[in-house]
Amino acid sequence: ITQKRFWNEAHNRLMDLKPTVIGITGSFGKTSVKHILGHILSSHAPTLITPGSVNTPMGITRIIREELDETHKYFVAEMGAYGPGSIERLCRLAPPNTGVITAIGHAHYERFKTLETVAEAKYELAQSVIGREGTAIVQEKTLRFPYTRDMKNAHDTAFIVCGAEENNDLYVEHAEQTLDGLKIRLKWQNEDYDIEAPLFGLHHADNAALAFATSCTLGIPTEIVINALKTTPQ
């Protein structure tokens, strides 16, 4: 009963304040993408993100109740899947305008039993976003399952696909690790962009690409995104 009361208070607060809600899920990478994206968005307008790896109903509820206020334009929520229906439940709590799906893998495999079940659980976020006429930004490798491909093909205009294939909406042409961080070349909307981020680990190239695509989709000018990436905390 207490949890339900807190849930309702958090949901109603979101509905009253109406920030743009970005949900992020994935078997891995979601926390990194959340922090990179939060840094970019914060350089443009007041932004609240769920801290650390907080990604459960009561964790997100607490952040909304205690920290969300009328100044926040964006609210970025990491969404953890602990079984089928987990993401759908979080999307009812914090209905997302935009969803980001980073990866589908064997994390928490014991709860899901098959990767196909993992894929269906993660794509509950895409389903929720599509229902709200929003945008799903996904890593191309998440489309290797029949279920996810079918959803993307059925709602093609609602998806932005990022990855190393030239036909993607965002194409990672090149990524290089240097002593100062990452240097990445992206093709986005038929334009080439060279971005730098003081991040270490080539896997962060995909994370930065997802954050770049999400920020641009939200209407943030590319020059602001590129400048913000230059000061991304490790």
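Can you classify segment 147-234 as rounded, prolate or oblate using the Cα gyration tensor, where a ≥ b ≥ c are the square roots of its eigenvalues, rounded means a/c under 1.5, and otherwise it's prolate if a/b beats b/c and oblate if not?
Note, shape of segment 147-234 comes out prolate.
Output the pairs from LYS122/LYS230; LYS187/LYS230; LYS73/LYS230 with a Cα-Cα distance over 25 Å in this structure; if there are none, say none.
Table pairs above 25 Å Cα-Cα are LYS122/LYS230.
When DSSP beta bridges are limited to those with both residues in the chain, what percentage is antiparallel, rounded to the nearest 5?
So the antiparallel bridges amount to about 40 percent of the total.
Collect residues whose amide H, placed 1.01 Å from N in the peptide plane, falls under 5 Å from the amide H of PHE28; neighbours closer than 5 in sequence don't count.
ALA103
Would you mind counting up the charge near VAL100? Only other residues with Cβ under 9 Å from its Cβ, with Lys and Arg at +1 and Asp and Glu at -1.
After counting each charged neighbour, the total is +2.
Could you state the accessible area per residue of segment 1-137 in Å², with a 1.4 Å probe and every protein chain left in place?
Per-residue value: 42 Å².
Compute the separation of the alpha-carbon centres of segment 1-55 and segment 202-225 and state it in Å as a whole number.
So the two Cα centres are separated by 17 Å.
Which of the helices in the chain, when you take each full DSSP H run, stretch at least 18 Å along the axis at their Cα atoms and have an average Kyte-Doolittle score of 1.0 or higher?
Helices meeting the criterion: none.
Between beta-carbons, use under 13 Å as the cut-off and find the net charge around LEU68, counting Lys and Arg +1, Asp and Glu -1.
Here the count lands on -1.
Along each principal axis of its Cα atoms, how long is the chain end to end? Whole angstroms, biggest number first, please.
Taking max minus min along each principal axis of the Cα atoms, the chain gives 52, 41, 31 Å.
Computing the accessible area with a 1.4 Å probe over protein heavy atoms, can you report the carbon and sulfur percentage for segment 50-99?
Carbon and sulfur atoms account for 48 percent of the accessible area of segment 50-99.
Net charge around LYS187, counting only other residues with Cβ within less than 10 Å of its Cβ (Lys, Arg = +1; Asp, Glu = -1)?
-4
With a cap of 12 neighbouring Cβ atoms within 10 Å, and only residues DSSP puts in a loop, list the trypsin sites (Lys or Arg not before Pro) found in segment 182-231.
Taking segment 182-231 and a limit of 12 other Cβ atoms within 10 Å, the loop trypsin sites (Lys or Arg not before Pro) found are LYS230.
Just grab the label-to-label distance for GLN177 and MET15, each label 7 Å out from Cα along the Cβ direction, in nm (one decimal).
4.8 nm
Below 12 Å, Cα to Cα, which aspartates and glutamates can LYS34 reach? Residues fewer than 8 away in the same chain don't count.
Of all the aspartates and glutamates, those that pass the test against LYS34 - Cα under 12 Å, at least 8 places apart if same chain - are GLU78.
What list of ³J(HN,Hα) values in whole Hz, one per residue of segment 185-201 in order, does the Karplus curve 6.51 cos²θ - 1.76 cosθ + 1.60 (θ = phi - 60°) give from phi, with Gly and Pro shown as x?
Calculated HN-Hα couplings, in order: 10, 10, 10, 9, 6, 6, 10, 8, 10, 9, 10, 10, 8, x, 10, 10, x Hz.
Figure the gain on full extension for HIS203 and ASP156 (residue separation times 0.36 nm, minus the Cα-Cα span) and round it to one decimal in nm.
14.3 nm
With +1 assigned to the C-beta of every Lys and Arg and -1 to the C-beta of every Asp and Glu, and no other charges, what is the dipole magnitude of the chain about the Cα centre in debye, to the nearest 20?
Dipole of the chain, to the nearest 20 debye: 900 debye.
Where does each of SER86, SER53 land when they are ordered by accessible area, with a 1.4 Å probe and the largest first?
Ranking SER86, SER53 by accessible area, largest first, yields SER53, SER86.
Using a 1.4 angstrom probe on the protein heavy atoms only, could you order SER128, SER43 from most to least accessible area?
Listed by decreasing accessible area, they come as SER43, SER128.
Just want to confirm a number: the relative contact order over the chain, from Cα pairs under 8 angstrom separated by 6+ residues, in percent.
It comes to 20 percent, rounded to a whole number.
Only residues of segment 11-33 count here: report those whose backbone N is under 18 Å from the spot 7 Å along Cα→Cβ of ARG92, or say none.
Correct set: 11-15.
In nm, to one decimal, how far is the GLU166 label point from the ARG111 one, both placed 7 Å along Cα→Cβ?
4.1 nm
The values are calculated or read from the model by the stated rules, or taken from the named source; none is laboratory data. Just so you know, these numbers come straight off a predicted model, no measurement behind them. Positions of Cβ are backbone-derived with ideal geometry, glycine not excepted, and every protein chain shown enters the neighbour counts. Heads up: the accessible areas ignore ligands, DNA and RNA and are worked out on the full protein's heavy atoms, side chains in. Shrake-Rupley method; radii C 1.70, N 1.55, O 1.52, S 1.80 Å.
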